[in-house]
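Every number in this text was worked out from the coordinates using simple rules, so none of it is lab data. All values reported here derive from a predicted model rather than from experimental measurement. Positions of Cβ are generated from backbone atoms using ideal geometry, with glycine treated the same way; all protein chains shown enter the neighbour counts.
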């Protein structure tokens, strides 16, 4: 039933878009058929795959670095209250600095390089990861820790059987959230200061008001993200709930 509902929603969206494009009768509101043709052209006869792979490389590199740093400091701030009070202001500051400012400052300091681009994404999104993991650590049920003390479980068993199962749902929510935020920021980073990638291509087509190509590139990247969601994140999310 869920899959049928999804297909019905998609079908309704396509029909609505097609109807609106016919009513608009403008190149600025392309039909579904025009978008599919354009997508096919860029995918098989142009360099869409090249730019798509470059953007995915940046997204996953920024994602893994951000997750590693965010989870590490999130756990520390969740377990140690003194450290949490010490870093809380810096965390609050990081949450409220606009992404655009971070990107521009990194480009000015380090030049229009991949290093500056990835660094800007990491700086901007690490606070979000820390907040979620810290909250997950604080929300852990203490009775399980008492249980571990009574039965004198080793540290390895405590981390594996007590901490990890309780943190796993928060970790999955954080992964989903950070991935959805990071790929959007990467597109902005590419648009502002890189010479390749999906964001760069979108900026190029924007200059020519080529809305059809912009939508084609958008669909390509959204499709990849949806595949990751369906075949990797969803199964992991189901697994994360088994401990209950």
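Quick rundown of the values:
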item	result
Amide N of segment 206-225 lying under 20 Å from the label point, which is placed 7 angstrom from the Cα of residue 64 along Cα→Cβ	224-225
Estimated [θ] at 222 nm from DSSP helical runs (n ≥ 4, -39500 (n - 2.57)) normalised by residues in the chain, nearest 500	-27000 deg cm²/dmol
Order of 42, 50 - criterion: other Cβ atoms within 10 Å of each residue's Cβ, fewest first	50, 42
Correct choice for P(r) over Cα pairs in 10 Å bins from 0, in percent that was computed from the model, options [x] 7, 27, 33, 21, 10, 2, 0; [y] 7, 24, 27, 23, 13, 5, 1, 0; [z] 7, 30, 36, 21, 5, 1, 0	[y]
Sorted peptide list for 105-118, 13-26, criterion being average Cβ within 10 angstrom, highest first	105-118, 13-26
Sequence of 194, 176 once ranked by neighbouring C-beta atoms within 10 Å, starting from the fewest	176, 194
Residues 27, 82, sorted so that the one with the fewest Cβ neighbours within 10 Å comes first	82, 27
